[in-house]
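Since the structure comes first, as structure tokens, the remarks are kept for the end.
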Amino acid sequence: MTRIGLIRLLVVAALIGALELACRSGLIDHRVIIAPSQMASALWTLLASGALDADIARTLGMIGLVIALSIVLGFAAGIAIHALPRLRRALDPFFATYYAVPVFIFYPVLIAIFGLSVMPIVLIGVATAIVAMIIATLNGLDRVPRVLGKVARVHRLGRFATALQLQLPAAAPYLFTGIKLAVSYGFIAVIAAEFILSPAGLGRDIADAYADFNNRRMYALILFLLVVATLVNAILHGLDMRFAARRSGDRS
Amino acid sequence: MNAAPVPHEIHAQLSGVTRTYPTVPGAGAKMPVHALGPIDLDLLRGEFFAVVGPSGCGKSTFLEVLAGLQQPTAGAVTFEGKPVGGQVPEGIGVVFQEDASFPWLTVWDNVAFGLRRSGVAAPELRRRVEDAIAFVGLKDFARAYPSQLSGGMRQRVCIARTLVLQPRLILLDEPFGALDAQTRLLMGDEVLRLWRRTGATVLLITHALDEAAMLADRVGAMSARPGRFIEIIATGWPRGRDSTIVGEAAFGEITGRLWERLRGESLKALGHAAVPAMAAE
């Protein structure tokens with residue numbers, strides 16, 4: 001582990017330790033927050049009982065679906081829009097202001113249309129995440145050196161081969177930014193949609209535990225989601241660093 | 001790879017070639033720009049031909065038209081007797097001024113890129129890639145990424161990627177433009193070595209008169225836009241030359257003659273009226 005990584009770990013450990021002390025000493029009321037060790041213990045009990053299995057599978061499955069759809073469709077849309085400069089000029093203002101509009105206001109509309117099912121959650125998730133991927137794809141394609149297009153022609157590559165073998169890897173750092181954003185937005189959108197209104201899922205579980213004043217269950221679920229989201233982001237960050245090191249020449 | 005050049009056989013030919021761009025990019029008015037020509041040139045098989053000219057005279061356009069990367073507005077281009085148009089013919093390799101190495105691939109994979117596509121058997125591919133990497137002096141860097149190399153080394157990666165495909169016509173578009181003068185001289189020696197070994201016809205675009213005078217059998221001096229050849233000078237250098245010829249009197253004479261032909265054109269390109277050499281004194 002690097003020195004910076006160690007400092008980072010110590011900061012997190014200190015904060016958790018401080019929260020533990022504050023809860024155990026009664027400085028923080030247990031009806032507000034329970035001690036981190038109690039959260040971990042409650043989570044372990046819940047996971048061991050298997051009571052969460054169906055909700056975990058449903059929520060993580062939906063997050064995975066939202067992320068996959070956003071990345072694939074966002075990338076395809078980005079390529080198509082990049083190839084049509086007039087369409088891009090027309091759409092640019094929408095992209096620039098997209099995240100200024102709370103997309104979630106359409107969630108009730110989607111429920112009214114599709115009913116209380118998986119569909120509205122997936123759609124609101126994709127609507128939240130896809131534009132980040134489109135913007136990242138456009139940025140990435142803008143930054144592909146023009147000379148690579150000439151190299152492709154010298155090697156007599158077709159359009160598909162050029163996109164796959166040259167444009168995609170050349171734009172990869174920017175695409176990776178889009179992927180990271182799509183993952184974050186996917187998590188946020190699915191959990192938030194479940195929290196607002198859903199027949200099942202971890203977000204719904206948290207909302208129910210909150211309504212029942214069941215702090216042990218609520219914090220256990222929150223801890224679970226924090227751990228999963230942190231792990232996924234750590235993996236993505238690690239991959240990003242690895243690719244960046246190749247390109248920047250830092251191979252340490 | 002060691003094909004002996006056949007003297008005076010026409011390898012590539014441009015006849016009455018012009019290139020006009022319909023608009024000036026970024027300009028308000030839609031004014032067509034006559035960038036090149038008319039150009040008539042016979043490139044002889046196995047010769048080293050250099051093109052020099054003022055900035056913006058159409059040197060790179062000339063190369064791209066010859067390569068098949070751009071269509072001429074008028075005239076015809078042939079390579080090995082077949083018309084060039086629409087796409088780059090097999091047998092032509094191009095090294096660009098910009099760094100065109102692939103940063104996501106190692107040096108080895110960069111060089112192997114074209115061969116992998118052509119379906120060459122693995123042992124043959126390995127042999128040719130290693131040979132090309134060794135030729136450009138990057139054997140110890142085969143597993144390095146371009147970001148770990150200097151600008152000159154990255155350009156050598158691009159040269160190796162071209163060389164490994166065994167092109168019969170190698171087009172070099174100011175490949176050393178970003179390098180310092182000493183490195184350029186050494187890279188010039190490498191290009192001469194490459195030229196001798198492959199027996200390929202080489203066309204070099206450069207803005208450096210000394211580079212053109214040192215490397216080429218013939219140097220085409222191009223006018224300000226629209227670029228056309230105002231003189232083609234035969235250098236008369238032996239095939240086994242290297243950068244040490246820069247100390248010879250003939251080198252100074254060739255360079256001086258090129259500058260004499262290009263001075264007025266360079267002033268035109270800068271927007272000045274052509275003036276006699278001593279007028280300013």
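The values are calculated or read from the model by the stated rules, or taken from the named source; none is laboratory data. Note that the coordinates shown come from a computational prediction; the quantities given were computed from them, not determined experimentally. In this analysis, Cβ positions are derived from the backbone assuming ideal geometry, glycine residues included, and neighbour counts consider all displayed protein chains.
For this structure, a couple of remarks:
- Taking every residue in segment A:221-243 that is within 14 Å of another protein chain (Cβ to nearest Cβ) and pairing it with any residue that is of a type in the set (D, E, K, R), at least 6 positions away or on another chain, the pairs with Cβ-Cβ distances below 9 Å are A:240/A:180.
- The residues in segment B:80-114 that are crowded, with 20+ Cβ neighbours inside 10 Å, more than 9 Å from every other protein chain (Cβ to nearest Cβ) and within 16 Å of the chain's Cα centre (by Cα) can be counted, and the count is 1.
- Flag if residue A:4 is within 19 Å of the chain's Cα centre (by Cα) and either buried (at least 17 other Cβ atoms within 10 Å of the Cβ) or in a helix (DSSP H, G or I) (or both): no
- Whichever residue in segment A:27-53 is without any contact (Cβ under 8 Å) to a residue 12 or more places away in the chain and over 13 Å from residue A:219 (Cα atoms) and, among such residues, is surrounded by the most Cβ atoms within 10 Å (Cβ to Cβ): A:28
- Checking residue A:166 against (1) in a helix (DSSP H, G or I); (2) closer than 26 Å to residue A:90 by Cβ, the condition it does not meet: (2)
- Residue within segment A:16-26 that is under 17 Å from residue A:202 (Cβ atoms), modelled with pLDDT under 95 and surrounded by 14 or more Cβ atoms within 10 Å (Cβ to Cβ) present: no
- Spans of helices (runs of 4 or more DSSP H) in segment A:64-162 with at least 1 residues in contact (Cβ under 8 Å) with a residue 40 or more places away in the chain: A:85-97, A:107-114, A:118-142
- Restricting attention to segment A:20-55, the residues that are farther than 19 Å from residue A:213 by Cα and either over 27 Å from the mean Cα position of the chain (by Cα) or acidic (Asp, Glu) (or both) total 9.
- In this structure, residue B:67 does satisfy being touching a residue at least 12 places away in the same chain (Cβ under 8 Å), within 14 Å of another protein chain (Cβ to nearest Cβ) and closer than 30 Å to residue B:267 by Cα.
- Looking only at segment B:116-162, residues that are in a helix (DSSP H, G or I) and more than 10 Å from chain A (Cβ to nearest Cβ) come to 26 in all.
- Once segment A:137-146 is narrowed to residues that are more than 13 Å from chain B (Cβ to nearest Cβ) and surrounded by fewer than 19 Cβ atoms within 10 Å (Cβ to Cβ), the residue that is nearest to residue A:176 (Cα to Cα) is A:139.
- Members of segment A:147-169 found to be basic (Lys, Arg) and within 8 Å of chain B (Cβ to nearest Cβ), listed by number: A:150, A:153, A:156
- Within segment A:170-194, being within 14 Å of chain B (Cβ to nearest Cβ) and either farther than 19 Å from residue A:70 by Cα or in contact with an Asp or Glu (Cβ under 9 Å, 6 or more places away or on another chain) (or both) holds for A:170, A:171, A:173, A:174, A:176.
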